[in-house]
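**Student:** Got a structure here, written out as structure tokens. Questions coming.
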Amino acid sequence: MAKPILEVKNLNKDFKVKSRKALFAKPNAVRVLQDISFQLREGETLSIVGESGCGKTTLGRCIVRGMSASSGEVLYRTEEGVAVDFLKLKGTESKRFRKDIQMIFQDPYSSLSPRMSVFDIISEPLIANFKLSKSEVEEKVSAIAEKTGLNVSYLKRYPHAFSGGQRQRIAIARALITQPRLIVCDEAVSALDVSIQAQIINLLKDLQEQFKITYIFISHDLSIVENISDRVAVMHLGRVVELAAVDSMFKQPGHPYTEALLSAVPQPDPDLKKTRIILEGEVPNPANPPSGCHFHPRCAYKTERCIKEVPALREVGDHHFAACHYADELTLRGARNEQGTGDGQ
Amino acid sequence: MTAEAVQTQQPLLRVRDLKIRIQMDNGVMNAVDGVDFEIRKGKTLGLVGESGCGKSLTSRALLSINPKECETSGTVAYLSSSEPGAAGKPLNLLSLDPNGRQIRSIRGRKIAMIFQEPMTAFSPMYTIGNQITEAILIHRTRNKKEAKKIALEMLSKVGISDQEKRFDQYPHEFSGGMRQRAMISMALSCNPELLIADEPTTALDVTIQAQVLELMKTLQQEFGMAILLVTHDLGIIAEMCDEVAVMYLGKIVEQAPVKEIFHNPKHPYTKGLLRSMPRLGGNKSKRLDSIEGAVPIPVNMPPMCGFYERCKDRMEGICNAQSVPATQISGSHTVRCFLYSDQHGGE
Ligand SMILES: Nc1ncnc2c1ncn2[C@@H]1O[C@H](COP(=O)(O)OP(=O)(O)OP(=O)(O)O)[C@@H](O)[C@H]1O
Ligand SMILES: Nc1ncnc2c1ncn2[C@@H]1O[C@H](COP(=O)(O)OP(=O)(O)OP(=O)(O)O)[C@@H](O)[C@H]1O
Ligand code: SF4
Ligand SMILES: [Mg+2]
Ligand SMILES: [Mg+2]
């Protein structure tokens, strides 16, 4: 079995939110990540899915140290096998690991500097971390640009002169160029048409095979998640509510929220009658979470117990974890197989 | 919907020969190269196509909000009863001063836009609530209390809870998907006649995406809102659209009612697109299909099919020797490909 590369232990993150009303003048701490724990092995892909605002980006940022967590541990194992707790590193000490870990940010528009040419944006991490001649840099930039479908003769231009999907690929090229060991991809292919999306996913997989890169793949596109992942973590309101191998989860989810997610995937067939579960009610605000199981106000299977008791994340099948009181009793619907049983009628 | 019914619907916006040229070091880039389409009242036209093919430029051109370097020509006839043009002629939006009063009164109020990147729509300096209310105050009511009430209602409709608290937060305090939803609520808050939605749900998980699409459909049914929906998600196209236009390298290469596009695609690019589509259920670990090759840059391109280099069905001496005319396959299905132009009596 591959060696571990990252271990997240009991990670919590609070944001201080000021209300402008005099009444609440003191900033409130809002917990957006609650007791997150998981392990990653080298060369593995763990996808993170979950409702908008549930804390996926925050988790990614805490891991790459773009943001400091409030408590917990983020243990990174270097190539030599030394474990380093990222949260205990002081300012410049973390610099050493920067080339090992990269993040592709969700919003390329604000993450790419508008005053740098695209060539400079892509080559910057390379120049900062390696001693290379000018022609070596050019060679590497051209190679990665071509692989990500960017036209090399365009790279002198500034980010604003690129389309949304092109900007996204610039961010991907920048992250890949140093050949990091771990990459957090935050909705990294969300703006790409299916053909280029396929090209990029294939590229990520090829690099993984060649260099044992580990991915944390944040995405709401479940068909891509199904294709790229080894394991999937489902988050809801700052917690992991299900964690399992992708096959196991998509075949037989253990949490009603996962069931709803899988059923809501739009089907690329204009004749198909919808069998989506549209969740009623609002997404709760982490500043004011519901009692008991945070999902209970929208859960079709809730009982009194769910309103009172917080369900713990526990093993409900072989390496399959879920945080629902009734995970063992419920038979939840998994992903529909397209050639499947004709339940689209 | 039958092809005839699509045909007889009154158009709200008629785009003809839209061209956008951008000056580059080595020549002029024909980023949008003669695009024609119609958007009908109460209907949804989907626009799909390769990343960088000109979808955002096209949609922004309708409101004259592209940057200066984008030289735009053609007509965008706005056939709204509330905005008549001069002397019985329809109003050509491209003929208006882009900073003038008339287009500004149309933007946001009559034609609203959801941008591909939410951060472009919000200023980091003001709270989300402030910015949405501002838009409502300009277009819909003078009453501040009422404007705030509408804003809060819209935020709740796009699934943002605790709106009162969220109202006072800044854009950076929202998650990516929440920013996108805030922008959607801003665009919808003035009941526009036409909504231009450029990848409106890319940052949304499927359950909230379903909710937002439902909301758009409801407004469409209630107020007859027309929608131009730019998306690369073919699932959303299948679910939302009446008609679909497929774009490649600045041109619309195929256009048809949604069922035609899925069941009877003609253009080799459309077929490739449908093949590349990842489907949920049993695609684990397999290599995804993609269309081989890269898109050329439309600078100094001789007249030829833009898809030629990547096309498996190309005919040398024909496809790379002249520009491709549009061929009508049936009443509502047109395609720009030489495979069909002979058979159907095109020149
Ligand atoms: N201001 C600009 N200056 C120069 N080139 C530009 C400018 N804006 C867009 N382009 C180019 O024009 C082409 C079309 O851009 P557009 O943003 O319309 O693409 P798109 O179809 O929306 O793609 P995506 O799906 O990736 O968002 C791209 O190749 C882009 O690089
Ligand atoms: N700088 C900040 N200050 C205050 N609150 C914040 C800040 N950044 C994020 N939040 C809050 O933390 C929560 C989680 O946000 P995060 O961006 O991690 O969500 P996400 O899961 O990535 O969502 P999406 O899918 O919409 O991108 C949200 O409620 C958000 O409002
Ligand atoms: S015109 Fe020729 S090259 Fe272009 S898509 Fe049709 S067959 Fe292929
Ligand atoms: Mg996010
Ligand atoms: Mg675009």
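The values are calculated or read from the model by the stated rules, or taken from the named source; none is laboratory data. The model shown is predicted, which means the values in this text are computed figures rather than measured ones. No Cβ is skipped: glycine too gets one built from the backbone with ideal geometry, and neighbour counts run over all protein chains shown. Areas reflect the complete protein model, heavy atoms only, side chains present, ligands, DNA and RNA absent. Shrake-Rupley method; radii C 1.70, N 1.55, O 1.52, S 1.80 Å.
**Student:** Taking all pairs of different Cα atoms in the protein assembly as shown, averaging 1/r and flipping that mean, what Kirkwood radius in angstroms comes out?
**Tutor:** After inverting the pairwise mean of 1/r, the radius is 26.4 Å.
**Student:** Using a 1.4 Å probe on protein heavy atoms, which residues of region B:191-228 have at least 40 Å² less accessible area in the complex than alone?
**Tutor:** Buried-area filter returns B:T202, B:D205, B:V206, B:T207, B:A210.
**Student:** 222 nm [θ] for the protein assembly as shown, helices only, -39500 (n - 2.57) per DSSP H run of 4+, per residue, to 500?
**Tutor:** -8500 deg cm²/dmol, from helical runs alone.
**Student:** To the nearest Å, what is the center-to-center distance of region B:242-291 and region A:60-78, using C-alpha atoms only?
**Tutor:** The two parts, judged by their Cα centres, are 40 Å apart.
**Student:** So what's the gap between the Cα centers of region A:242-261 and region B:22-44, to the nearest angstrom?
**Tutor:** 43 Å
**Student:** Next up: Going by a ≥ b ≥ c, the root eigenvalues of the Cα gyration tensor, does region A:98-256 fall in the rounded group (a/c under 1.5), the prolate group (a/b larger than b/c) or the oblate group?
**Tutor:** Because a/c hits 1.5 or more and a/b exceeds b/c, region A:98-256 counts as prolate.
**Student:** Counting only protein chains, not ligands or nucleic acids, how are A:I228, B:I297 ordered by accessible area (probe 1.4 Å), most first?
**Tutor:** Order by accessible area, largest first: B:I297, A:I228.
**Student:** Let me check the size of chain A from its C-alpha atoms; what are the radius of gyration and Dmax in Å?
**Tutor:** Cα-based Rg and Dmax for chain A come out at 21.2, 68 Å.
**Student:** If region A:193-293 were replaced by its equivalent ellipsoid, with semi-axes equal to the square roots of 5 times the Cα gyration tensor eigenvalues, what would those be, largest first, whole Å?
**Tutor:** Square roots of five times the eigenvalues give 27, 20, 13 Å.
**Student:** Further question on the same structure: Looking at the square roots a ≥ b ≥ c of the eigenvalues of the Cα gyration tensor of region B:3-252, which shape do they give, rounded for a/c under 1.5, prolate if a/b is larger than b/c, or oblate?
**Tutor:** Because its axes are fairly even, with a/c under 1.5, region B:3-252 counts as rounded.
**Student:** Considering only B:I128, B:A238, B:T75, whose Cα is most displaced toward the positive end of the charge dipole of chain B, charges sitting on Cβ of Lys, Arg (+1) and Asp, Glu (-1)?
**Tutor:** Farthest along the dipole direction, towards plus: B:I128.
**Student:** Next question, about the same structure. Which residues' amide hydrogens lie under 5 Å from the amide hydrogen of B:R40, considering only partners 5 or more residues apart or on another chain, with H built in the peptide plane?
**Tutor:** Under 5 Å from the amide H of B:R40 lie the amide H atoms of B:L12, each far enough along the sequence or on another chain.
**Student:** Using a 1.4 Å probe on the protein heavy atoms only, what accessible surface does B:H267 show? Give it in Å² to the nearest 10.
**Tutor:** 0 Å²
**Student:** Report, in listed order, any pair from A:K56/B:K41; A:K134/B:K19; B:K259/B:K312 with a Cα-Cα distance greater than 31 Å.
**Tutor:** Check vs 31 Å cut-off fails for A:K56/B:K41; A:K134/B:K19.
**Student:** Before anything else, pin down the relative contact order of region B:138-239: Cα pairs under 8 Å, at least 6 apart, normalised by residue count, whole percent.
**Tutor:** Result for region B:138-239 is 28 percent.
**Student:** Chain pair B, A: how much accessible area is buried, both chains summed, with a 1.4 Å probe, in Å² to 100?
**Tutor:** 6100 Å²
**Student:** Another question about this same structure. Give me the percent of the accessible area of the protein assembly as shown that comes from carbon and sulfur atoms, probe 1.4 Å, all protein chains in place.
**Tutor:** Using a 1.4 Å probe with all protein chains present, the protein assembly as shown comes out at 49 percent carbon and sulfur.
**Student:** Rounded to the nearest whole Å², what accessible area per residue is found for region B:3-252 with the 1.4 Å probe?
**Tutor:** 38 Å²
**Student:** So if I restrict to the alpha-carbon atoms in region A:1-135, what is the Rg, and what is Dmax, the biggest pairwise distance, in Å?
**Tutor:** 17.8, 61
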